[in-house]
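Report on the following structure.
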Amino acid sequence: RVLNADGSVRNVVGPTLTADERADKEARERDAAAAFAAKQDAVRRDRNLIARFPDEAAHKKARNAALDGMRSAVKASEARLALLAKARKPLADEAEFYNAKTMPATLRAQLEGNETSTEAQRSLIQTQQLEVVRINKLYDAELERLKKLWRGAPAGSLGPLPVGDAAAESASATAPAK
């Protein structure tokens, strides 16, 4: 005990901790600080979500805005794929002429280039479609969380978004919310 001049107790100092006890105490303090920071972050994220999407119409508008870019990219890729198929037709017709003979190198190169471009466009379309699915999952998870928050759940009480908080926050931040 540390005493004042009048003999009253100023404060109580605990026993000196061993190295192991000190390490355990510091670990508990770090864990408590991390839990507190995570709770504050969840509260901030939920408040931002409510501010960004005050109602379901705003959320739906943001989802459509996020998907519009991907939908137009898929359409452009499909149009490019159709052009490549149209360009391949005369090349394939000419290649039939060389059925038993060896094909000229330029024709072979044009066919291979067309095939490579076609495969690249198919791969791009598949990637874009997967991105559309990811965006929809993200907005579905956000909507479920928002419904609970709109009904009065306290901010920060719902835990993390199941899809992934960092991805959810970045996608929501990039989507316009008017």
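Scale the Cα Rg of the stretch 26-166 by the rule-of-thumb value 2.2 N^0.38 Å and send over the ratio, two decimals.
Values: Rg = 25.7 Å, N = 141, 2.2 N^0.38 = 14.4 Å.
Its radius of gyration relative to the 2.2 N^0.38 Å reference: 1.78.
At 1.4 Å probe size, with every protein chain present, just tell me what the per residue accessible area of the chain comes to in Å².
Ligands and nucleic acids excluded, the result is 68 Å² per residue.
According to the square roots a ≥ b ≥ c of the eigenvalues of the Cα gyration tensor, what is the shape class of the stretch 56-97, taking rounded for a/c under 1.5, prolate for a/b larger than b/c otherwise, and oblate for the remainder? All intermediate terms of the calculation are to be shown ahead of the outcome.
Values: a/c = 9.70, a/b = 8.12, b/c = 1.19.
In terms of gyration-tensor shape, prolate.
What is the magnitude of the charge dipole of the chain about its Cα centre, with +1 placed on the Cβ of each Lys and Arg, -1 on the Cβ of each Asp and Glu, and no other charges, expressed in debye to the nearest 20? It would help to have the intermediate numbers written out before the result.
Values: 30 positive and 25 negative charges, 126 e Å.
About 600 debye.
Along the charge dipole of the chain, Cβ charges K/R +1 and D/E -1, which of N99, V12, A141 sits furthest on the positive end?
Farthest towards the positive end: A141.
Could you tell me the calculated FRET efficiency between N4 and A37, based on Cβ-Cβ distance and R0 = 22 angstrom, to the nearest 0.05?
With a Förster radius of 22 Å, E is 0.05.
Past 26 Å, Cα to Cα, is the threshold; run K39/K137; K86/K137; K75/K148; K61/K148; K75/K137; K39/K61 against it and keep the listed order. Display every interim value, and only then the final one.
Numbers: K39/K137 24 Å; K86/K137 36 Å; K75/K148 36 Å; K61/K148 19 Å; K75/K137 21 Å; K39/K61 29 Å.
Pairs exceeding 26 Å: K86/K137; K75/K148; K39/K61.
Test of understanding: what is the full-extension gain from R80 to T18, defined as 0.36 nm times their sequence separation minus their Cα-Cα distance?
Stretched fully, the R80-T18 segment lengthens by 15.2 nm.
Give me the distance in nm between label points sitting 7 Å out from Cα along the Cα-to-Cβ direction at N48 and D93, one decimal.
Output for this residue pair reads 5.8 nm.
For the stretch 1-104, what does the alpha-carbon gyration tensor say about shape, rounded, prolate or oblate, given a ≥ b ≥ c as the root eigenvalues, a/c under 1.5 as rounded, and a/b over b/c as prolate?
Oblate, since a/c reaches 1.5 and b/c is not below a/b.
Would you give the gap between the C-alpha center of the stretch 111-126 and the C-alpha center of the stretch 61-83, rounded to a whole Å?
Going from one Cα centre to the other spans 18 Å.
The values are calculated or read from the model by the stated rules, or taken from the named source; none is laboratory data. What you are looking at is a predicted structure, and each value in this text was computed from that prediction instead of being measured. Ideal geometry is used to build each Cβ from the backbone, glycine not excepted, and the neighbour counts take in all protein chains shown. The accessibility values were calculated without ligands, DNA or RNA, using every heavy atom of the protein model including side chains. Shrake-Rupley method; radii C 1.70, N 1.55, O 1.52, S 1.80 Å.
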